[in-house]
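Reading through the structure tokens given below for one structure.
No value in this document is a laboratory result; all are computed from the given coordinates. Keep in mind that this is a model prediction, so the values were computed, not measured. Every residue, glycine among them, receives a Cβ derived from its backbone with ideal geometry; neighbour counts consider all protein chains shown.
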Amino acid sequence: MVEINKGPGSIIPSTMKKYSYLIFAAGLVLLACNESQTCESVHDDLLSRNVAGVKEGLNPWLSKLDPDATEDDPTGHQQNLQSFINRLEKKCSFQADLICYACIETNPSQSEVKIVLDSVGHQVERVLDILTPEDDVMVIWNIHP
């Protein structure tokens with residue numbers, strides 16, 4: 001039996017599948033590492049009250065949460081805020097709690113989320129002030145103790 005030379009660069013389909021799986025797995029690992037680095041940076045920025053760093057780390061998460069106004073939620077971010085808190089807890093292992101939703105009467109209104117962090121065995125509390133507009137995504141506005 002004679003094997004036909006398929007030329008340089010030809011790959012057997014099963015080998016292509018293996019390469020596809022490897023590339024996919026490598027992509028997942030890179031995403032997980034990137035999110036882990038984000039969490040570490042946000043942790044450090046929260047402890048040092050670096051508002052710019054917290055905004056840089058968390059506003060990209062908030063930017064993916066478009067408002068969905070309803071009769072019960074005219075601002076449209078109540079579910080988004082809970083999703084954000086869940087992500088902080090699951091991805092970053094932060095203890096996060098909603099203090100209030102759209103409760104600070106500014107224009108736009110603000111919500112507050114409390115985060116409890118570990119700092120060398122001591123618990124430190126930080127509060128995120130989050131702008132909660134009716135017609136745009138939420139953004140971190142400020143942090144305070």
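Overview of values
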{"item": "Ranked LYS114, LYS55, LYS90, criterion: other C-beta atoms within 10 Å, fewest first", "result": "LYS90, LYS114, LYS55"}
{"item": "Spacing of the two label points (7 Å from each Cα toward its C-beta) at CYS100 and ASN142, in nm", "result": "1.4 nm"}
